[in-house]
Amino acid sequence: MIEPGAVLEALAAIMTPEILPWIILGMAIGIMVGAVPGIGSVLGMSIVLPLTIPLSGLQANILLVSIFSGAMYGSSISAILLRVPGTAAAAATLLDGHPLTEKGLPKYALAISATSSALGGGITILALLLLIPVLGSIVVLFGAPQIFLIAMFGILMIGVIASQGSFVKGVTAGLFGVLIMTIGISPASPGVRFTGGSLLLFDGLDYVAILIGMFAIGEMIRLAAKPRGDNTTIVDGGSIVSGIGTTARNYVTMIKSGFIGMIIGAIPGAGSSASNFFAYAEAVRTAPLEEQESYGKGNPRGVVAAEASNNGTVAGSLMPVIAFGIPGSAATAVLLGGFLLHGITPGPELFDENLSFTYSLILALLIGNIFILIVGLSIVPYVGAAITRLDKDFIIPVVVVLATVGAFALRANWVDIVTLLIFGLIAYLMYQYDYSIIAMVIGAVLANILETNLQRSLALSDGSLLIFIDDPVSVTIIVIMTLLMISPKLTAWYNSRTASSNELE
Amino acid sequence: MSVISQSRPLGLDIGEFVLLGTFWSFSAGIFIWSFSYPGFTGMFPRIFAVAVLIGSTLLLVRNHLPEFAQKLITTSSNIQDLSEEVGEGEVAESLEKAEEETEFKLDEPDRPLSDTEFVSAAVVGYFTLSYLVGMLWASPVFGLAYAIWYGKSWQYTVIILIVTFAIPYAFYDVLNLQIVDGYLHEQLGLA
């Protein structure tokens, strides 16, 4: 059962001048970074992460999670107005969002996007709030062997599921992420490794510097190759009130899409880039036959489905992070970085002594969705076009300087600057040749958890590997993870088999 | 870039060869070095080094393997493949079209380096200069170099100079971050 006392305590904590401005600031940054093609939540969170050092753990993580949520909505602005999604989370939004702009109804489309994002996000956040006690009761069943299995499978699954063309590439990238973090002092035993006697490497590489290098420097090198934005004039028109009415009339699509987003968000590697397509496809599939042809030509229900689902993804993707410290996406990897940077350990603690932190984070998102609704209906329809036109010639120098100074602020260690450069270049090459950057980052973030829990498990079992298969929870994890990893392949195989048997008939 | 990409070691682009070479040599080094550490301290990195070695070796030599092995290595099991069936193809087409349209609007002057090469080189230069003279002074120089390279207006140049100085200054002021001096200051006794 949900603990009303803890919820009220969390609500009282966030409705204070110490916390509330960080929600608003995070949402505002999120909307802006989401709206500018080429930035997005991950880059926004990465460059803000080192700036959170002077903040408290709650302030810092509320700021980060608000950027994450705000960017989901923000990415729809450029998709609707410019036909270029701010991030992949809004790729399905442009299918019907931009045709509405072409019809002279951008305000109408933006109002649908704001209401669907806020309501889809809000409903799934409420569901997450109700699920916290259930998650808490599951988490206590997990010991060191199960956490090791989940972390290991997390890396493998992201390597496999989010691999772009080759699962060997994905898995190798993920494991390389773990390997680079073995430099320096071992978290599981009193030993210092691979430093060559250098004191600068004694504490190893900083995963935050790796995150910033891969997501900020690598992304800026990549952005440099992209063409400069155009200055197409957007015809102003459409009714905001009609947009709200359209979302309200399509409440079934909105709620269903929100939950599709939530479920897909909880699967490592899938995330909002997949959920918006699944929700969109579901909307098309369930539409009456005569209506199906209107999708892709400005059907407002397409915008409702895509936008409700990508904001629903936020609630789903928080579940594995809060419960097990396993991020399922790049944005949640940065969020986990924020947890660890501020000494917050995911897992049972967040459901027990730190329960009010967990509820505060969730309630902050709920308030953030109200902010999306207000800003999305009152400001974005009037200034959205200006936000999306922030030029790469401004973004690149500013982000590079912010990322560099921010990384140096972590430990005032020049190793972090070298890390930034090396991993920025590695990320650029990985992007060029379809290697999963997310898998590598998640490998780096999870390395510590993996090593500590493997060492504990082997100590418990006197070195026997049977500890990983000798209880029902471990076996269940192995079965579920294996099914999740092979299910896309099985589905593809089943579909091709069905198609060929149909052809024969 | 075009001159470099003509050489294809092991049938791979030079960039991918460098990437996989980095994976391979790093994991091989860690594997050998791990034997210097006793017990679990050496065992954990050794396990992962072996796994990365196997993966990177397979990827490096994939073009010289039998067809079935190549297929196994390059096959994806991507959940997003499913989304292609539900419309991603349409979006990809739409995005490509949008990019093509934007590219048509480009009228960039010829420069000796591509944008990617310039930004990479500028970042390396910025980091080096930061080490030599301090990040507080190197940051606006980086902003200025960027503005000059792309022939930006003086208004843009002034704004970018102010912003790229204000960011490190804020860190210096708020966090007392030691970014005012660099290696040269130390050597010249100015620190």
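Selection of region A:268-298 for residues being surrounded by 22 or more Cβ atoms within 10 Å (Cβ to Cβ) and in a loop (DSSP other than H, G, I, E, B) yields A:Pro268, A:Gly269, A:Ala270. Residues in region A:165-177 that are more than 20 Å from A:Val418 (Cβ to Cβ) and either not hydroxyl-bearing (Ser, Thr, Tyr) or not in a loop (DSSP other than H, G, I, E, B) (or both): A:Gly165, A:Phe167, A:Val168, A:Lys169, A:Gly170, A:Val171, A:Thr172, A:Ala173, A:Gly174, A:Leu175. Would you please name the residue that is modelled with the lowest pLDDT, looking only at residues in region A:471-498 that are away from chain B (no Cβ under 13 Å) and open to solvent by 60 Å² or more (accessible area, probe 1.4 Å)? Among those residues, the one meeting the criterion is A:Arg497. Restricting A:Ala386, A:Ala412 to residues that are open to solvent by 10 Å² or more (accessible area, probe 1.4 Å), more than 10 Å from chain B (Cβ to nearest Cβ) and free of Cβ contacts under 8 Å to residues at least 60 places away in the same chain narrows the list to A:Ala386.
Scanning region A:436-470 for residues that are open to solvent by less than 30 Å² (accessible area, probe 1.4 Å) and at positive phi yields no hits at all. Scanning region A:197-211 for residues that are out of contact with any Pro (no Cβ under 8 Å at 6 or more places or on another chain) and surrounded by 18 or more Cβ atoms within 10 Å (Cβ to Cβ) yields A:Leu201, A:Gly204, A:Leu205, A:Asp206, A:Tyr207, A:Ala209, A:Ile210, A:Leu211.
Could you check A:Ile24 against (1) crowded, with 24+ Cβ neighbours inside 10 Å; (2) of a type in the set (Val, Ile, Thr); (3) closer than 17 Å to A:Ser360 by Cα and say which number it fails? Just one mismatch for A:Ile24, condition (1). Can you find, within region A:390-409, the residue that is farthest from B:Trp154 (Cα to Cα) among those that are within 7 Å of chain B (Cβ to nearest Cβ) and in contact with a Pro (Cβ under 6 Å, 6 or more places away or on another chain)? Selected residue: A:Ala409. Taking the listed residues A:Ala144, A:Ala71, the one that is small (Gly, Ala, Ser) and under 30 Å from A:Tyr433 (Cβ atoms) is A:Ala71, with no other qualifying. Checking A:Phe194, A:Phe176 one by one, the residue that is at pLDDT 85 or above and crowded, with 24+ Cβ neighbours inside 10 Å is A:Phe176 and no other. Close contacts from region A:356-378, counting a first residue that is in contact (Cβ under 8 Å) with a residue 40 or more places away in the chain and a second that is among the aromatic types (Phe, Trp, Tyr), with Cβ to Cβ under 6 Å and a gap of 6+ residues or different chains, come to A:Ile372/A:Tyr73.
Comparison of A:Thr358, A:Thr345 shows that the only residue that is crowded, with 24+ Cβ neighbours inside 10 Å and closer than 23 Å to A:Glu18 by Cα is A:Thr358. State whether one or more residues within region B:28-50 are more than 7 Å from chain A (Cβ to nearest Cβ), over 22 Å from the mean Cα position of the chain (by Cα), of a type in the set (A, V, I, L, M, F, W, C) and over 24 Å from A:Met440 (Cβ atoms). Yes, there is a match, as at least one residue in region B:28-50 is more than 7 Å from chain A (Cβ to nearest Cβ), over 22 Å from the mean Cα position of the chain (by Cα), of a type in the set (A, V, I, L, M, F, W, C) and over 24 Å from A:Met440 (Cβ atoms).
Is it true that A:Ile372 is closer than 30 Å to A:Lys107 by Cα, buried (at least 19 other Cβ atoms within 10 Å of the Cβ) and either at pLDDT 90 or above or out of contact with any Ser or Thr (no Cβ under 8 Å at 6 or more places or on another chain) (or both)? Show your work before the answer.
Values: closer than 30 Å to A:Lys107 by Cα: yes; buried (at least 19 other Cβ atoms within 10 Å of the Cβ): yes; either at pLDDT 90 or above or out of contact with any Ser or Thr (no Cβ under 8 Å at 6 or more places or on another chain) (or both): yes.
Yes; evaluated as a whole, the condition is true for this residue.
State yes or no: is A:Val418 of a type in the set (A, V, I, L, M, F, W, C), under 30 Å from B:Asp181 (Cα atoms), free of Cβ contacts under 8 Å to residues at least 24 places away in the same chain and open to solvent by less than 20 Å² (accessible area, probe 1.4 Å)? So A:Val418 fails the test. Picking from residues in region A:179-191 that are of a type outside the set (Val, Ile, Thr) and not in a helix (DSSP H, G or I), the one that is most open to solvent (accessible area, probe 1.4 Å) is A:Pro190.
In the set (1) aliphatic (A, V, I, L, M); (2) closer than 29 Å to A:Ala90 by Cβ; (3) under 27 Å from the mean Cα position of the chain (by Cα); (4) modelled with pLDDT under 90, the condition left unmet by B:Val86 is number (3).
Considering B:Ala145, B:Ala121, which residue is exposed (fewer than 14 other Cβ atoms within 10 Å of the Cβ) and within 11 Å of chain A (Cβ to nearest Cβ)?
B:Ala121
All of A:Ser66, A:Ser56, A:Ser75 fail the test of being open to solvent by less than 10 Å² (accessible area, probe 1.4 Å), small (Gly, Ala, Ser) and modelled with pLDDT of 90 or more, apart from A:Ser66. Applying a threshold of 6 Å to beta carbon distances and a minimum spacing of six or more residues, or different chains, the list of pairs starting in region A:282-298 at a residue that is within 18 Å of A:Leu94 (Cα to Cα) and ending at one that is open to solvent by 70 Å² or more (accessible area, probe 1.4 Å) reads A:Gly298/A:Lys103. A:Leu135 meets all of the listed conditions (1) open to solvent by less than 20 Å² (accessible area, probe 1.4 Å); (2) in a helix (DSSP H, G or I); (3) more than 12 Å from A:Leu446 (Cα to Cα) but one, namely (1). Please verify whether A:Asn311 is facing another protein chain (nearest Cβ under 10 Å), under 24 Å from A:Lys107 (Cβ atoms) and in contact (Cβ under 8 Å) with a residue 24 or more places away in the chain, treating the condition exactly as stated. No.
Residue-by-condition table, conditions (1) within 30 Å of A:Tyr431 (Cα to Cα); (2) among the β-branched types (Val, Ile, Thr); (3) in contact (Cβ under 8 Å) with a residue 40 or more places away in the chain:
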| residue | (1), (2), (3) |
| --- | --- |
| A:Tyr108 | no, no, yes |
| A:Ala111 | no, no, yes |
| A:Gly122 | no, no, yes |
| A:Ile125 | no, yes, yes |
| A:Ile138 | no, yes, yes |
| A:Lys169 | yes, no, yes |
| A:Gly184 | yes, no, no |
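The residues of region B:51-74 that are assigned to a helix (DSSP H, G or I), among the β-branched types (Val, Ile, Thr) and open to solvent by less than 60 Å² (accessible area, probe 1.4 Å), listed by number, are B:Val52, B:Thr57, B:Ile73.
In summary, A:Leu336 fulfils each of the numbered conditions (1) part of a helix (DSSP H, G or I); (2) in contact (Cβ under 8 Å) with a residue 60 or more places away in the chain; (3) open to solvent by 10 Å² or more (accessible area, probe 1.4 Å); (4) not basic (Lys, Arg) with the single exception of condition (3).
The values are calculated or read from the model by the stated rules, or taken from the named source; none is laboratory data. Not measured: the values here are computed from a predicted model. Positions of Cβ are backbone-derived with ideal geometry, glycine not excepted, and every protein chain shown enters the neighbour counts. Ligands, DNA and RNA are excluded from the accessible area calculation, which covers all protein heavy atoms including side chains. Shrake-Rupley method; radii C 1.70, N 1.55, O 1.52, S 1.80 Å.
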